[in-house]
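First the structure, in the form of structure tokens, and then the observations on it.
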Amino acid sequence: MRRKIVAGNWKMHGTRAGTAALLEALLATASDSDSLCVVCPPFVYLHEAARFLEGSTILLGAQDVCAEAQGAYTGEIAASMLKDIGCRYVIVGHSERRALYGEDDLLVARKFAAAQSHSLIPILCVGEQLSEREGGQTHAVVARQLDAVLDLCGVHALASAVVAYEPVWAIGTGRTASTAQAQDVHAFIRARVAGRDASIAAELPVLYGGSCKASNAAELCAMPDVDGGLIGGASLKAEEFAAIVHAADQSKSQ
Ligand code: PEP
């Protein structure tokens, strides 16, 4: 039985006061859930967020991590530092990092490995561009992104990781994948991992991300291979995010 996970990617939004207010509101509305709730504020607010969340059921994640362990990498943040301040999760390979900062599959896989070397749980984002979907390449793109991690880290690395299927055309656009489209790719991801280890695949949480909101979360989370959501825009509104968490709670787990 896989527990649902709802993770909020706050991206580069907010202020110190706004972060505190959002966390207070989430503690009041989303911390009583059966689903696992994760928030990923910007780096500079993580330390304070960790203090706010201490002792609560809401867990902390970062939005990115450096592939290197330490050293002369100006501006970068190491996995050991994230662990040191109380992070449990880290997003790797978000499509904005891939598209805007040129992160390729190998770098993403190295970030995944760096995260796990400090016991952080990577949330590996995969997903196709619109042109790739229209060209019938969705499975090939997702397979390539997934295989980069499987090849570098081995299938056992997926035993303590999360995958997020995020069709790039659905991110921040208001256009959500249909439940059938999401289920199709989620089942494909699970089957791809099962090709290497069936029991790891059966336990792997695969989240959906891309314009997920309170009004569509329940139907997405009810799909057999959808184990929750990675939420962008809607994670910045406490009420909306809490409603998604509660929608995930209601949906039947596998
Ligand atoms: C995301 O960027 O991870 C995301 C899912 O964004 P949104 O929910 O805003 O589409």
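The values are calculated or read from the model by the stated rules, or taken from the named source; none is laboratory data. None of these values were measured; they are calculated from a predicted model. Ideal geometry is used to build each Cβ from the backbone, glycine not excepted, and the neighbour counts take in all protein chains shown. The protein model used for the area step is the full one, side chains on, heavy atoms only, and it has no ligands, DNA or RNA in it. Shrake-Rupley method; radii C 1.70, N 1.55, O 1.52, S 1.80 Å.
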Under a crude label model (7 Å from the Cα following the beta-carbon direction), how far is ASP147 from GLN250 in nanometres? 4.1
Computed E for GLU24/ALA69 - FRET, C-beta separation, R0 51 angstrom, nearest 0.05: 0.90
Considering only DSSP states other than H, G, I, E and B, which chymotrypsin sites (Phe, Trp or Tyr not before Pro) in the stretch 56-112 qualify as loop sites with at most 13 other Cβ atoms within 10 Å? TYR73, TYR101
Could you list the residues of the stretch 191-229 with an amide nitrogen less than 20 Å from a label point located 7 Å from the Cα of ASP34 in the Cα-to-C-beta direction? 203-208, 214-229
Provide the gained length on full extension for the span GLU76 to ARG16, in nm with one decimal, where the gain is 0.36 nm per separating residue minus the Cα-Cα distance. 19.5 nm
Added length on full extension, which subtracts the Cα-Cα distance from 0.36 nm per residue, GLU54 to GLU239: 64.5 nm
Filtered hits (aspartates and glutamates, Cα-Cα < 18 Å from LYS237, offset >= 8 within chain) -> GLU24, ASP32
So what does LEU130 come to for accessible area, using a 1.4 Å probe and Å² rounded to 10? 60
Starting from the 7 Å offset along Cα-to-Cβ, what nm value, one decimal, do you get for the label separation of ALA218 and ARG3? 2.4
Expressed as a whole number of Å, what is the distance separating the alpha-carbon centroids of the stretch 145-220 and the stretch 43-69? 23
Relative contact order [Cα under 8 Å, 6+ residues apart], the stretch 1-135, whole percent: 20
